[in-house]
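Q: The structure under discussion is supplied below as structure tokens; questions concerning it will follow.
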Amino acid sequence: MEQYALDQLKTIANVSTTCKRLEMTRRERLERWAECLERSPRPHLKTLHETEYRPIADRLALRDDGTPISVAFADPILRAAGMESDSYGEAIRFFELSDEELHDLVCFCHFGERVSAATVARRLRKMAGCKPDGFFAQLRAFFG
């Protein structure tokens, strides 16, 4: 499946902007991303290489297929809420994350070539401030 940013789509299709954007809080967006990761048919996703060493313009434009960010962008609900692409910079903007927070979720230096979709989902829920249900779920969240 090919994915395009809204500006790219406008060059090849008539895009109506009359639809009202879906309103979601930051917490709801992070939760939805976590749900998408948990439903992902790929249990392991690609990481992005050395995000912290790239010049800021390159870092913000960084993207790849099969990453946690591309899983979020594939979700029609998140796109309806205003996610415009699957770039690193768009993930920072749309999910209201700091560069450091996103780096901790998707960078190669934390996980190697691949990261478990479930691991990223757990970290997103923690960022969203969601409390896990049950004693063992709380232990898993505490110890990562």
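The values are calculated or read from the model by the stated rules, or taken from the named source; none is laboratory data. What you see is a predicted model, and the numbers here were worked out from it, not measured in a lab. Using ideal geometry, Cβ is built from the backbone for each residue, glycine included, and neighbour counts are taken over all protein chains shown.
Q: Note down all Cβ pairs under 9 Å where the first residue falls in region 49-62 and is at positive phi, the second is surrounded by 13 or more Cβ atoms within 10 Å (Cβ to Cβ) and at pLDDT 90 or above, and they're at least six residues apart or on different chains.
A: Pairs found: 50/107; 50/108; 50/109.
Q: Do you know which residues across region 80-99 are crowded, with 19+ Cβ neighbours inside 10 Å and under 24 Å from residue 20 (Cβ atoms)?
A: Residues satisfying the conditions are 83, 85, 86, 90, 91, 94, 95.
Q: Residue 119 fails exactly one of the following numbered conditions: (1) among the hydroxyl-bearing types (Ser, Thr, Tyr); (2) in a loop (DSSP other than H, G, I, E, B); (3) surrounded by fewer than 19 Cβ atoms within 10 Å (Cβ to Cβ). What is the number of that condition?
A: (2)
Q: Something else now. Would you mention how many residues in region 3-21 are of a type outside the set (D, E, K, R), at pLDDT 70 or above and either loosely packed, with under 10 Cβ neighbours inside 10 Å or in contact with a Lys or Arg (Cβ under 7 Å, 6 or more places away or on another chain) (or both)? Don't jump to the end; show me each part of the working.
A: From region 3-21, those of a type outside the set (D, E, K, R) are 3-6, 8-9, 11-19; that's our starting set.
Still in the list and also at pLDDT 70 or above: 3-6, 8, 11-14.
From what's left, either loosely packed, with under 10 Cβ neighbours inside 10 Å or in contact with a Lys or Arg (Cβ under 7 Å, 6 or more places away or on another chain) (or both): 11-14.
Result for region 3-21: 4.
Q: Please work out which one of (1) surrounded by 14 or more Cβ atoms within 10 Å (Cβ to Cβ); (2) under 23 Å from residue 116 (Cα atoms); (3) free of Cβ contacts under 8 Å to residues at least 60 places away in the same chain; (4) not aromatic (Phe, Trp, Tyr) is the condition residue 24 fails and give its number.
A: Going through (1) surrounded by 14 or more Cβ atoms within 10 Å (Cβ to Cβ); (2) under 23 Å from residue 116 (Cα atoms); (3) free of Cβ contacts under 8 Å to residues at least 60 places away in the same chain; (4) not aromatic (Phe, Trp, Tyr) one by one, residue 24 breaks only (2).
Q: Restricting to region 27-59, name every residue that is surrounded by fewer than 18 Cβ atoms within 10 Å (Cβ to Cβ), closer than 18 Å to residue 124 by Cα, modelled with pLDDT under 95 and of a type outside the set (D, E, K, R).
A: Within region 27-59, just 43 meets the criteria.
Q: Could you identify the single residue in 77, 92, 69 that is among the hydrophobic types (A, V, I, L, M, F, W, C), closer than 22 Å to residue 8 by Cβ and in contact (Cβ under 8 Å) with a residue 40 or more places away in the chain?
A: Working: 92 fails: in contact (Cβ under 8 Å) with a residue 40 or more places away in the chain; 69 fails: in contact (Cβ under 8 Å) with a residue 40 or more places away in the chain.
Within the list 77, 92, 69, the selection yields 77.
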